[in-house]
Amino acid sequence: MSWSGFKKAVNRAGTTVMMKTGQIEQTIDRDFELEERRFRTLESAASKLQKEAKGYLDSLRAMTASQTRIAETIDAFYGEAGTNDGVSKFYRSAVEDLDADTVKALDGPYRATVLEPISRFCSYFPDINDAIKKRNHKLLDYDAMRAKERKLIDKPAEDTQKLPKAQQDLKMAKDIYEEINSQIIKELPQLIDLRVPYLDPSFEALVKIQLRFCSEAYTRMAQVQQYLDPSTREEYAGGYLDTRVEQVLQGMRDLSITGLSSA
């Protein structure tokens, strides 16, 4: 920070303190306050959307990676017993293809049509916040000059040039503040209104990408289902699968080896 910038920061800090103690009247701009609140709502929602959009892609990868690991484990669990119908290997192949083909194929389009547009939208926020910060600084300068002029009017200085100089400085401060304030009040609503037409294509792309993934996953799992024992599917549909599982568990309990630990 330059020496000039440092002095301005010190003066503004002093002005802020004097406002809090009631020594300087603070300008209240309800129009700006309304638009700033609307912008803060947009900023928060867009930032959350950016985070969740990235989280969706990460979760998709994590899910298919987990499917692949569980498929490998199930295949190993069945071992040679699964070679008769090959269902465990077919399941493993299906989820590996889903991870390798579908998710990786969707990665690029998802980034290009969803993540990157949302990130670009959010990238404007720092500039907007800088403009708001600058506007607030210029308002402090304006209020400080108003207080200085009022003080010189109420208690004239011996130097008769001080009041005209203060009035000139006040006009300049007012013009600078009003220019940036008007620009922000005008453009913030435009930015907020643009959010819907801007997001629409990304929203459509998100739905289509999700549809493609779900369709691919359903198709592959439906193919795996054809290799399952038909009686198992019928028992599941009829609500009898719990009984069958209990029978198998009872058979395990009947094995003498399961009671060795209690002897």
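Of the conditions (1) among the aliphatic types (A, V, I, L, M); (2) modelled with pLDDT of 90 or more; (3) assigned by TED's automatic domain parsing to the domain that holds Ser47; (4) surrounded by fewer than 17 Cβ atoms within 10 Å (Cβ to Cβ), Ile118 satisfies every one except a single condition; which number is it?
(4)
Could you tell me which of the residues Ser182, Ser202 is part of a helix (DSSP H, G or I) and free of Cβ contacts under 8 Å to residues at least 24 places away in the same chain?
Just one listed residue meets the conditions, Ser182.
Taking Pro164, is it assigned to a helix (DSSP H, G or I), over 29 Å from the mean Cα position of the chain (by Cα) and not basic (Lys, Arg)?
Yes; evaluated as a whole, the condition is true for this residue.
Is it the case that Tyr177 is in a helix (DSSP H, G or I), outside the structural domain of Ala94 (by TED's automatic domain parsing) and of a type in the set (Phe, Trp, Tyr)?
yes
So in the range 44-98, with the set limited to residues that are surrounded by 17 or more Cβ atoms within 10 Å (Cβ to Cβ) and among the charged types (D, E, K, R), which one is nearest to Ala222 (Cα to Cα)?
Arg92
The values are calculated or read from the model by the stated rules, or taken from the named source; none is laboratory data. Note that the structure is a prediction, hence the values are computed from the model and not measured. Please note: Cβ atoms are built from the backbone with ideal geometry, for glycine as well, and neighbour counts cover all protein chains shown.
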